[in-house]
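The next block holds one structure in the form of structure tokens; read it before the comments.
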Amino acid sequence: MARIPVTDEQLIERYGPHLNQAPPGGWNAGLDFDKVVNTHCCFCGQQCGIRLKVKDNEVVGFEPWYDFPFNEGKLCPKGVKRYLQGSHPDRLLEPLERDPSAPGGFRTVTWDHALSRVVAEIQRIQAAYGNDAFAMLSGVSITNEKSYLVGKFARLALQTANLDYNGRLCMVSAGAANKKALGMDRASNSWSDIPLADVVFVAGANVAECAPITTSYIWRARDRGAKLIVADPRVTPLARTADVFLGLRPGTDSALMGTILHVLIANDWLDHDFINAHTLGFEEAAAEVRDYTPEWGSKVTGVPADRIVEAARLWGTSATGMLLHARGIEHHTKGVENVLSCINLGLATGKYGKPGCGVSTITGQGNGQGGREQGHKCDQLPGNRDITNPEHRAYVAQVWGCDESEIPGKGITAEEIVEAIHAGEIKGLLSICFNPLVSLPDTKFTAEALDKLEFYANIDFFLSETAQHADIVLPGSLQEEDEGTTTSAEGRTIKINAAIDPPGNARRDWEILLDIARGLGREKYFGFSSTREIFEEMKVASHGGTADYFGMTWDRIEDEMGIFWPCPEEGHPGTPRLYEGGVFAHPDGKARFHPVAYRPPAEVVDDEYPVWLTTGRVISQYLSGTQTRRIGPLVEQYPEPLCEMHPRMAESLGVVTGDIVRVTSRRGEMTLPARVVESIRPDTVFIPYHWPGRQAANQLTNRALDPVSKIPEYKVSAVRVVKAEGHVEIRDKRVTALEERRRGDG
Amino acid sequence: MSTSGSTFRIDGRAAMFAGSAVGVLLVLVYVGSGAGRWFDAALAGYLIGVLMGVFAVVYRYLVWIQRPPTARLNRRGWESFRRKGRVGHNAVGLVGLVGTNLLAQGFIRKRSTARWAAHQLVFWGCLLAAAVTFPLTLGWVHFESVGQQGSHYKAFFFGIGTGSFSATSLVGFTTFHLLNISAFMVIGGVLIFLFRRTRDPGALAVERSGDFLALAGLFGVSITGLFLTASTMWLEGRYYAFLTNVHALTVIMGLLYIPFGKLFHIFQRPANLGVHFYRAEGARGVQHECRECHKPYASAMQVADLKEVLPAVGFDYRDNAGGNWQDICPSCRRKMVTAAQVARVGGFG
Amino acid sequence: MGSPLIRGNMFVIDQSRCIGCEACVQACEECGTHRGESLIHLEFVDRGATPQTAPMVCMHCEDPTCAQVCPADAIKQNEDGVVQSSLKPRCIGCSNCVLACPFGVPKYFALPDQMMKCDMCYDRTSVGLKPMCASVCPSQALWFGTPEEFADTRRGELMFEFRFGNQLVPTKVATVVNDRSDGPVDPLAEPPSRWQDDPFGLEEAFS
């Protein structure tokens, strides 16, 4: 019975989001602290080093960590204000059970009661409908150890094939393409290669807002004289300064990259030696773009032909170059193809395995890189192993001490799990670190699916919009309440240190999973007594896989401020730059070109829905906003979604900045204020997606998936935009000020 | 700490006024003390200190009030106050402002209750102490023993008798211990201030010796005064002569410090009341529109005042086109500086 | 000219690099000298036309206009040439400094009825630490370090002078220009320029 127990308003009143505005005790309390803990930001894949100041088991502030090499003290506003997520009035401190008669819709229960209910429901559902009818959804804002544990827990405790994670909405297109082309799913370089590049090509990455610290690396390259190319439908803050800006139409990335490859070939701006020695399949890839002339590319992408040629010239004639891409090219039904078309450009010009050369995805989620390697994707086992590969299964079974047949087979992906719930095939769900009601496309569909669950248990530290549907909510831990390792976008494995203990009766996530496993009678596989023990087993489980952590030690990770995998044996220095000397990770050491034919997105504009919609992030919010929508200063920075549109479109609609517009797609509609800017294509609108309910951009987006990576096409939908007339309720009343007066008195 | 632009020339006019103030005070001492009859010779040192202090404060005040921005504000404040048809309203307002602002100091409370409490303690302690000691020092008040017991006293103000009281009564006790009470108040306030400082490394960093000197001075005067009481009450007057000298020295030094240090704000702060009237007057009048964004951002009066004051303090923000940088609002100034800088690095933006 | 250095370091602001992320705004109020109050400025130049943002810290003028127009002697430059927030006991809240500062830096706060301004995080810089804003700035539009570091890692030349009409204003904080010999940064003389007048090629008959 996974409907929300009481009205939205009642839930919000009790569980927030409320806004935490000031540190514990107020600003005037003075900055008194007992200790300073070196750890990392919990938001985004850059995992910036930060020093948290702690007093009486509360995080009260921060100090820049100047010595951490990745960010040298730099932080974005989320990192600065992250400490306000602790000591928060919305923090869940007790297990909760759905109870429509209780204030706020949940009653407080004991851990014993909550855990036995969860165990009983898992057993009931699995007995009635089969093991796979109980699914698990996870996320990658959690550590490597927890990711590993979730993978093992789902396979050996829940014994379900249906485990997937929210990285499915994030890095899977890049991961799949990198594996296909290069044999390994990791950014090709440490970020220290970026400043060495003579040309930096940023494709579909709003670096300034989504990976802000990377900006400094790009500027370091430019300080050396590097040129900057940016491909984006919007003039992002970094694109503003680009030497070549390619303002392409949403969904035409592979046409742009194909055209650039065409121009490279036509002008012979190629590295033939590299192609011959280290790659396969160039001819086929070249044949595919034979007709992709600049004129054709310009017609498809909407970018002036001379700019495409200029971008190709810069990329092709520079001795070194880095191509950085992110969700802008990956959130597509052609996500994998788009990434492959970027990799083709790197391979064709020999920009791999050398200083200042590489094609890298900028991983989005906190532990997006590490989390996807430890085996909580539906098709993977630890070490980036393939769950369908008998050798891989046998190895992991041996590490786990189980019979190979006990490891379930390949399951379905996150969006497919939600669809299976909707279809009544999956009846029970346990989730951690995932707020699909905000983050999955087609919000209405997701809500309908959740309502159909017979039982839903959720582990979280705040009552997220998805958790509101739960039958049992188990209060887990914030990142600063547990230790472990994560692996950043660079492939650098780093140490997260616990600053405080979980408050109240909240518990560490891994302890909760261990208790459920015990309840299910599977404790023999889960004899861990610390995070470190999980790490030790994880490292062995990863050994021999592509993401090999075997040589890392708990102490080395901390002392060396991170180790880049692969690190296959003890004493191995780690591998900041992959593919040195053109040796790729396929067994034959060669990279593969892939022919990429342009095809249109799943949904294209037509007379009924004539405007392109693309979605994305703003700097002050993180993903579904469960944390950042509760931090007052961040909410103030960008309080509600705005619909960006070009003055030409605004004029035709009779809209000026601040007017309310109604945006309608085939899935739903929303009303929101317009922001009229010249920094977006005239045929496209942009809406950020961090908000729930009536403010959710994902009410409009399309559930169409990439056939390989199964990533949804967030970046392209067809919509209709009109000026909203009459009374329009835009605010969801989801934000109520905790304190009227901002300043405490000391 | 430099006060930029100050010159160390003697201001003859200010000196003359300060000298006159000292003269007037001397006449009052003469009259108030019955031509010296009731003047307590033991307080002569204090009198000299007071006279020097008065000279210094008046001189410093006059120099300050003549600075172009101060003079302009002073004039405008009074003009605003005396504005036809508003004098009555303003007078009532002034009484309120004196109460809330100068006496109750609500603006400090808004910053922090602890800071406000500390300041109130020091403020009222000092005021109380001054109310007791200045009339005594200047010979305006003296006590005479009345009746047979020797414990009854009568207070005289400018030689005119007021009420009499018993030294052992509550009134008597309080009267003779007013200074001790004030000393405790001041010390309490000073300790709160110091405690806050030690817990606030930020404040410490921007603090300059002037602040600590003021606190140290207040503390010194209070504690040496208390020592005198302690000597009389519990030590049968031991060390009294020595302590008297120490106390006198700290008081005199304190008086002379007033014009130079933090304590001069006692005389500057009332200008804040003028600002209230100036601001109200400005808000009622024409607003100045920014030359760039055409939005009003300040009172036309204040912008005009600044345009006159700036040349007087050595700045010329006029441009060749007959405009003035001061006609642009602060926000547009920041944006234009950015635009200009951006143009100088290759035209991003 | 006064020294730009404070414990061997200097502050450089290069507005052209600003990405408008507001990390500086959020970090500013974490500074020990003014906890809870953000004193840095950051705003869009003209959001409709460009994402360019305008960050502004105190430039710490050699002869600060704000201090000279203060009727209450409340604004002081310390021995390092850092122009500090108004002295709390003295400031009478008249806003002369807010209106006169050529860079638009001082902020008037109605609640304590006083002006506060950027003091270059003097609690940090006076002991050799970076100010909060320059510590966190992801694009290094706000930068703090030694002149040697700047010369080694950054493009452009340092400029310590601005011109506003007839008034030349030398500052302690530097900005960056391509060529110093072109003279002071002059907001009234520089023609407003945009990086790309036509980012989407609309004028090239595209749509």
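The values are calculated or read from the model by the stated rules, or taken from the named source; none is laboratory data. Nothing here was measured: the structure is a model prediction, and the numbers come from that model. For neighbour counting, all protein chains shown are included, and Cβ atoms are generated from backbone atoms with ideal geometry for every residue, glycine included. Calculation scope for accessible area: heavy atoms of the full protein, side chains included, ligands and nucleic acids excluded. Shrake-Rupley method; radii C 1.70, N 1.55, O 1.52, S 1.80 Å.
List of remarks:
- Burial of accessible area (probe 1.4 Å, heavy atoms of protein chains only) in the range A:207-239, relative to its chain alone, reaches at least 40 Å² for A:Trp219, A:Asp223, A:Val235, A:Pro237.
- Probe 1.4 Å, protein heavy atoms only - accessible area per residue of chain A in square angstrom: 29 Å²
- Fluctuation leader among C:Val127, C:Val169, C:Val69 - chain C, Gaussian network, Cα springs under 10 angstrom: C:Val127
- Contact surface C-A: accessible area buried, both sides summed, square angstrom, 1.4 angstrom probe: 4300 Å²
- Computed over the alpha-carbon pairs of the range A:611-723, the distance histogram in 5 Å steps reads 2, 13, 22, 23, 19, 13, 6, 2, 0 percent, short to long.
- Residue-by-residue Karplus 3J(HN,Hα) for the range C:9-18, coefficients 6.51, -1.76, 1.60, Hz, glycine and proline x: 10, 9, 9, 10, 10, 10, 4, 4, 8, 4
- Most to least accessible of A:Lys524, B:Lys295, A:Lys377 (protein chains only, probe 1.4 Å): A:Lys524, B:Lys295, A:Lys377
- Globularity ratio of chain B, using Cα Rg and 2.2 N^0.38 Å: 1.28
- Buried solvent-accessible surface, both chains (C, B), 1.4 Å probe, Å² to nearest 100: 6200 Å²
- Among B:Ala21, B:Ala312, B:Ala321: highest mean-square fluctuation, GNM of chain B, C-alpha pairs under 10 Å: B:Ala321
- Hz values of 3J(HN,Hα) by residue in the range C:25-31 - Karplus curve (6.51, -1.76, 1.60), Gly and Pro given as x: 5, 6, 6, 4, 6, 8, 6
- Of all accessible heavy-atom area on the protein assembly as shown, the percent that carbon and sulfur account for (1.4 Å): 58 percent
- Whole-angstrom gap from the range B:272-328 to the range B:28-79, using each part's C-alpha centre: 35 Å
- When chain B is treated as a Gaussian network with alpha carbon springs shorter than 10 Å, the biggest mean-square fluctuation among B:Gly220, B:Gly36, B:Gly189 belongs to B:Gly36.
- Summed residue charge, Cβ within 9 Å of A:Thr684's Cβ, Lys/Arg positive, Asp/Glu negative: +1
- Per residue of B:230-243, other chain Cβ atoms within 10 Å of the residue Cβ number 0 on average.
- Computed over protein heavy atoms with a 1.4 Å probe, the accessible surface of the range C:10-204 works out to 28 Å² per residue.
- Ranked from largest, the principal axis spans of the Cα set of the protein assembly as shown equal 117, 74, 65 Å.
- Alpha-carbon centroid distance for the pair the range A:406-474 / the range B:86-159, whole angstrom: 71 Å
- The calculated P(r) of chain A, using every Cα pair and 10 Å bins from 0, goes 3, 15, 26, 28, 20, 8, 1, 0 in percent.
- Taken as Cα centroids, the range C:55-113 and the range A:653-709 sit 44 Å apart, rounded to the nearest whole angstrom.
- Averaged per residue, chain B has 51 square angstrom of accessible surface, using a 1.4 angstrom probe with ligands and nucleic acids left out.
- With helices as the sole contributors, chain C gives -3000 deg cm²/dmol at 222 nm; each DSSP H run of n ≥ 4 counts as -39500 (n - 2.57), and the sum is divided by every residue.
- Helix-only mean residue ellipticity at 222 nm for chain A, each DSSP H run of n ≥ 4 adding -39500 (n - 2.57), per residue, nearest 500: -8000 deg cm²/dmol
- Each Lys or Arg adds one and each Asp or Glu takes one away; over the other residues whose Cβ falls under 13 Å from the Cβ of A:Lys354, this sums to -3.
- Relative contact order %, chain B, counting alpha carbon pairs below 8 Å whose residues are six or more apart: 18 percent
- A dipole drawn for the range A:188-361 from +1 and -1 charges on Cβ atoms has a positive end, and of A:Trp219, A:Pro304, A:Ile260 the residue lying farthest that way is A:Trp219.
- Radius 12 Å from Cβ of B:Ala300, net charge of other residues (Lys, Arg +1; Asp, Glu -1): -2
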